[in-house]
Amino acid sequence: MKTNKEKIVLKTPVDASFVYDYGNSAALMYIAPSGDKQINEVIDTVYHEKGCRVPYHYNARGAETFLIQNGLIEVTLYGKTCECEAGDIINIPSDCPYSLKALEEGCHVRGVYTGVDEWSRHKDLELIEGGEFTGSDPADHIEKEFWPAHHRHTLTEPACTEPVEKSALPQITTKGSSIYKYDGWAGISCELKVGRWNLKRVKEIWLFTIEKGYQLQYRKPNPNERLYCVKSGKFKVNAGGEAQNAVAGDIIHIPPYTPFDLTAVGEKNEIYDLNVSSRLFRMLEILELAQRDEPEKPEDPEWLEWLLGFSNCYLTGFVKL
C-alpha cells in the first residue's frame, strides 16, 4: 500500500494518514511538512458543531494559509472580526493574533502550513493523551509547556472586537479577488492568491482556471515538489507512469524529480497550485510587459526559454490536445 508521500492523487477524507479527533472537530492530516523549511504541509479541519472555535493565539514562526472549503467561518485578527465563506483564503503570518469560529455545522477548512509543523503538534498530543506524559496535570502541562514548546502562544480573548468587511483585512483574499491576474495565454487564467512575501519568501500560491483539453507539461525531472488542490472540474494526472483522475477536493502531490502532465478534462476546471517555488509573479509581469512593448519577444522560443530559466520555472509546455 502506498503512503501519502508516494500517492499522486489523495482522495479526501479517505486518504488521510492520521486523524486527530477533538470531539467537536477533527484534524485530518494528508501531507507532512518537507525539507528544512518545513513546507507543503496539508491538514484539513472539519468543525462538527456550530460554535466550535480555535482560541485566540499566535504562532511564533511560520505562516498558516487557510482555504475555506465550505461553511461560514468567523475570523478574528488582532481584534477585528469578519465572516469568511467558501472560496476565501486567509493567510496568517507569524506573530499575528487570531481565532477562528465555525458559524455552521460541518465547516471545512484546508490548512496549508509553511514552517509550522502542525503535524508534530498533533502527533505529540496523541502521545500525551495515550499516557506518555507522566506529570500530575496533563492539561496544565499542555497549556503551559506543550504549546509554547511548539511555538504557539495562547492569548487572552479580546474584551470586544471591531466588525469589519473581510476585504479590508490584508490577510484575506476574498472569493473572486486576487493580488494579480494574468490572462495573456490562450486556455488559462492565472491568479496570484498568496504572495511570496507572505510565505517566508519560499513560494507563492496561485489559482489556475484551465479550459478543457489544455495540458500543463513538466517533462524534465526537477527538484521541485508539486502540490495542487482541485477547486472545481476534473483533471487527469499522468505521473510516474500512472494516469489518475482528480476532482474537486482532491489533493495532487507530485514528488521531486517526477515528470508529469496535468490535463483539464472537465467543464469548469479550477486548481490551486499550493507550491509555486518558481518566481511566477515576476515571470508573468515580464511576459506581460514584453507582450505590450516588444511583441516579437514572446514569439521567440529562445527568449521564452531564457524567461523560464530566469524565473526558475520548469514548465516544458502548455498545449491544446
Test: residue in segment 38-47 that is of a type outside the set (Asp, Glu), part of a loop (DSSP other than H, G, I, E, B) and over 15 Å from GLY111 (Cβ atoms): no
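Tell me, which residue of segment 1-11 that is β-branched (Val, Ile, Thr) and crowded, with 19+ Cβ neighbours inside 10 Å is nearest to CYS229 (Cα to Cα)?
Among those that are β-branched (Val, Ile, Thr) and crowded, with 19+ Cβ neighbours inside 10 Å, it is VAL9.
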Entirely in segment 144-219, the strands (runs of 3 or more DSSP E) that have 1 or more residues that are surrounded by fewer than 13 Cβ atoms within 10 Å (Cβ to Cβ): 180-185
All positions within segment 220-258 that are closer than 25 Å to LYS37 by Cα, in a loop (DSSP other than H, G, I, E, B), in contact with a strand residue (DSSP E or B) (Cβ under 6 Å, 6 or more places away or on another chain) and without any contact (Cβ under 8 Å) to a residue 60 or more places away in the chain: THR258
Enumeration of residues in segment 255-283 that are touching an Asp or Glu at 6+ places or on another chain (Cβ under 7 Å) and closer than 24 Å to SER311 by Cα: PRO255, PRO256, ASN275, VAL276, LEU280, PHE281
Filter pass, ASN238 being buried (at least 22 other Cβ atoms within 10 Å of the Cβ) and more than 19 Å from ILE43 (Cα to Cα): no
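Mind listing whichever residues of segment 259-270 are of a type in the set (Val, Ile, Thr) and in a loop (DSSP other than H, G, I, E, B)?
Step one: filter segment 259-270 for residues of a type in the set (Val, Ile, Thr), giving 263, 265.
Matches in segment 259-270: VAL265 only.
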Residue within segment 282-299 that is of a type outside the set (Gly, Ala, Ser), in contact with a strand residue (DSSP E or B) (Cβ under 8 Å, 6 or more places away or on another chain) and crowded, with 18+ Cβ neighbours inside 10 Å present: yes
Given (1) farther than 24 Å from LEU72 by Cβ; (2) touching a Phe, Trp or Tyr at 6+ places or on another chain (Cβ under 8 Å), number of the condition ILE251 does not satisfy: (1)
Flag if ASN198 is in contact (Cβ under 8 Å) with a residue 12 or more places away in the chain, within 24 Å of SER94 (Cβ to Cβ) and polar (S, T, N, Q): yes
Residue, surrounded by the fewest Cβ atoms within 10 Å (Cβ to Cβ), within segment 20-55, restricted to residues that are out of contact with any helix residue (DSSP H, G or I) (no Cβ under 9 Å at 6 or more places or on another chain) and of a type in the set (A, V, I, L, M, F, W, C): ALA26
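Of all the residues that make up segment 69-79, how many are in contact (Cβ under 8 Å) with a residue 60 or more places away in the chain and either buried (at least 18 other Cβ atoms within 10 Å of the Cβ) or not assigned by TED's automatic domain parsing to the domain that holds ALA159 (or both)?
If we filter segment 69-79 for residues that are in contact (Cβ under 8 Å) with a residue 60 or more places away in the chain, which is where we start, we get 69, 75-77, 79.
Retained after the next criterion (residues that are either buried (at least 18 other Cβ atoms within 10 Å of the Cβ) or not assigned by TED's automatic domain parsing to the domain that holds ALA159 (or both)): 69, 75-77.
The number of residues fulfilling the criteria is 4.
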Residue tally, condition among the hydrophobic types (A, V, I, L, M, F, W, C), in contact (Cβ under 8 Å) with a residue 60 or more places away in the chain and either assigned to a helix (DSSP H, G or I) or within 19 Å of ASP183 (Cα to Cα) (or both), over segment 271-321: 9
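Taking the options ARG121, ARG53, ARG110, name whichever one is under 21 Å from SER34 (Cβ atoms), modelled with pLDDT under 95 and in the same structural domain as TYR30 (by TED's automatic domain parsing).
Values: ARG53 fails: under 21 Å from SER34 (Cβ atoms); ARG110 fails: modelled with pLDDT under 95.
Testing whether each residue is under 21 Å from SER34 (Cβ atoms), modelled with pLDDT under 95 and in the same structural domain as TYR30 (by TED's automatic domain parsing) leaves just ARG121.
The values are calculated or read from the model by the stated rules, or taken from the named source; none is laboratory data. Predicted model, so just to flag it, every value in this text is computed and none were measured. Don't worry about glycine lacking a Cβ; one is built from the backbone with ideal geometry, like all the others, and counts go over all protein chains shown.
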